[in-house]
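Notes follow the structure.
The values are calculated or read from the model by the stated rules, or taken from the named source; none is laboratory data. In this text the structure is predicted, and so the values were computed from the model without any measurement. So basically every Cβ, Gly included, is an ideal-geometry build from the backbone, and we count neighbours across all protein chains shown.
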Amino acid sequence: MKEIHCNDIAQAVARLAIDACYRLPADMVEAMRKSREVEPSPVGRTILDQLLENAGIAAEGQIPLCQDTGITVVFAEIGQDVHIVGGAFEDAVNEGVRRGYTDGYLRKSCVFEPLFERKNTGDNTPAVLHSRMVPGDRVRLRLAPKGAGSENKSVLKMLVPADGIEGVRKVVLDAVLAAGPNSCPPMVVGVGLGGTMEMAAICAKRAAARDLESRNHDPRYAAFEEELLELINKTGIGPQGLGGLTTALKVHVEWAPTHIASLPVAVNINCHAARHAEVTL
């Protein structure tokens with residue numbers, strides 16, 4: 001059985017936190033460049049130029065892409081043949097977040113409780129951790145800092161099967177229209193379908209954190225991703241909400257088995273700084 005020490009996990013998470021906040025993924029940069037070439041709005045083209053310039057400055061200067069370095073979302077796939085030693089896995093992840101946000105001079109944006117005191121934890125812990133056991137002897141960590149501007153525009157609707165695909169389209173488009181400029185477009189839209197209330201939301205979050213050029217493995221859902229992207233870009237919201245064609249760079253859909261009487265739909269929006277980084281130990 002393979003052993004992985006908690007300190008190695010903490011070090012990996014710290015590196016991921018800094019890397020995700022400093023470097024826009026290459027596929028995002030390329031998508032903005034391509035969108036800039038076809039964007040009909042002069043203002044939209046200027047904004048895309050500025051976003052690309054910002055990404056370059058952040059990567060070269062080793063500084064955050066955005067002042068909101070987010071709450072830390074971590075997706076962990078833990079091989080069932082791995083033995084984690086030296087402490088608890090969740091503690092190791094949070095230690096990594098603590099180190100990354102301190103050593104990387106990233107803004108600490110997490111409050112301990114949501115309603116009354118709202119006191120900042122001071123180190124951006126705890127992470128929002130989604131873990132699942134998988135076959136094998138590796139641990140895969142995908143870290144996605146999630147800023148509030150786009151996160152606050154998330155939507156969850158409990159549809160019924162009779163609402164069908166038209167109902168899903170409406171939920172997604174209504175969410176994008178309500179988000180408008182406040183989600184800092186061009187956005188990446190994650191859509192979660194099925195499961196239960198909480199599973200739909202997790203599917204949407206996982207979808208929003210996918211690599212930009214990925215497609216759903218089911219060709220029906222892959223086609224639906226393309227259809228939704230086309231509909232969103234017809235809204236005219238445009239870069240930073242100032243009009244144009246480039247409202248979204250991609251739509252990703254994830255789904256889960258669900259109840260015969262349910263059709264849960266969740267929408268999770270990423271802003272133009274759709275940040276994520278991944279490592280396998």
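If you go through segment 109-123 one residue at a time, do you hit one that is touching a residue at least 60 places away in the same chain (Cβ under 8 Å), in contact with a helix residue (DSSP H, G or I) (Cβ under 7 Å, 6 or more places away or on another chain) and within 22 Å of Ala277 (Cβ to Cβ)?
no
I want to confirm something. Restricting to segment 1-46 and keeping residues that are small (Gly, Ala, Ser) and farther than 26 Å from Pro185 by Cβ, which single residue is farthest from the chain's Cα centre (by Cα)?
Ala10
Within segment 49-67, can one find any residue that is in contact (Cβ under 8 Å) with a residue 40 or more places away in the chain, closer than 22 Å to Thr247 by Cα and touching a Pro at 6+ places or on another chain (Cβ under 7 Å)?
Scanning segment 49-67, I find no residue that is in contact (Cβ under 8 Å) with a residue 40 or more places away in the chain, closer than 22 Å to Thr247 by Cα and touching a Pro at 6+ places or on another chain (Cβ under 7 Å), so the answer is no.
Every residue in segment 91-103 that is more than 11 Å from Ala10 (Cβ to Cβ), surrounded by fewer than 20 Cβ atoms within 10 Å (Cβ to Cβ) and not polar (S, T, N, Q), please.
Scanning segment 91-103 gives a single hit, Asp103.
Looking at Ala14, Ala20, can you tell me which residue is in contact with a helix residue (DSSP H, G or I) (Cβ under 7 Å, 6 or more places away or on another chain) and closer than 30 Å to Ala88 by Cβ?
The unique qualifying residue is Ala14.
Give Pro135, Pro161, Pro114, Pro126 a once-over and let me know the one that is in the same structural domain as Thr258 (by TED's automatic domain parsing), surrounded by fewer than 21 Cβ atoms within 10 Å (Cβ to Cβ) and modelled with pLDDT of 95 or more.
Step by step, each of Pro135, Pro161, Pro114, Pro126 is checked, and only Pro161 is in the same structural domain as Thr258 (by TED's automatic domain parsing), surrounded by fewer than 21 Cβ atoms within 10 Å (Cβ to Cβ) and modelled with pLDDT of 95 or more.
List the strands (runs of 3 or more DSSP E) inside segment 184-281, counting only whole elements, that have at least 2 residues being in contact with a Cys (Cβ under 8 Å, 6 or more places away or on another chain) and crowded, with 24+ Cβ neighbours inside 10 Å.
It comes to 187-194.
What is the number of the single condition among (1) under 30 Å from Gln80 (Cα atoms); (2) surrounded by fewer than 17 Cβ atoms within 10 Å (Cβ to Cβ) that Ala144 does not meet?
(2)
Residue check: is Ala12 assigned to a helix (DSSP H, G or I), farther than 22 Å from Gly241 by Cβ and either hydroxyl-bearing (Ser, Thr, Tyr) or touching a Pro at 6+ places or on another chain (Cβ under 7 Å) (or both)?
no
Each row is one residue, and each column tells you yes or no for (1) modelled with pLDDT under 95; (2) more than 29 Å from Ile63 (Cβ to Cβ); (3) small (Gly, Ala, Ser).
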position: Ala92; (1), (2), (3): no, no, yes
position: Gly96; (1), (2), (3): no, no, yes
position: Lys146; (1), (2), (3): no, no, no
position: Val168; (1), (2), (3): no, yes, no
position: Gly194; (1), (2), (3): no, yes, yes
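On the basis of being over 27 Å from Pro135 (Cβ atoms), in the same structural domain as Thr121 (by TED's automatic domain parsing), at pLDDT 95 or above and crowded, with 21+ Cβ neighbours inside 10 Å, does Ala10 make the cut?
Answer is no for this residue.
Run Asn152 past the list (1) within 28 Å of Gln67 (Cβ to Cβ); (2) surrounded by 13 or more Cβ atoms within 10 Å (Cβ to Cβ) and report the number of the one that doesn't hold.
Looking at each condition in turn, Asn152 falls short on (2).
Applying the selection to segment 215-232, what residues are under 18 Å from Val176 (Cβ atoms) and either out of contact with any Ser or Thr (no Cβ under 6 Å at 6 or more places or on another chain) or modelled with pLDDT under 95 (or both)?
Matches in segment 215-232: Phe224, Glu225, Glu226, Glu227, Leu228, Leu229, Glu230, Leu231.
Could you grab me the full set of residues in segment 51-93 that are farther than 30 Å from Pro186 by Cα and touching a His at 6+ places or on another chain (Cβ under 7 Å)?
Scanning segment 51-93 gives Val85, Gly86.
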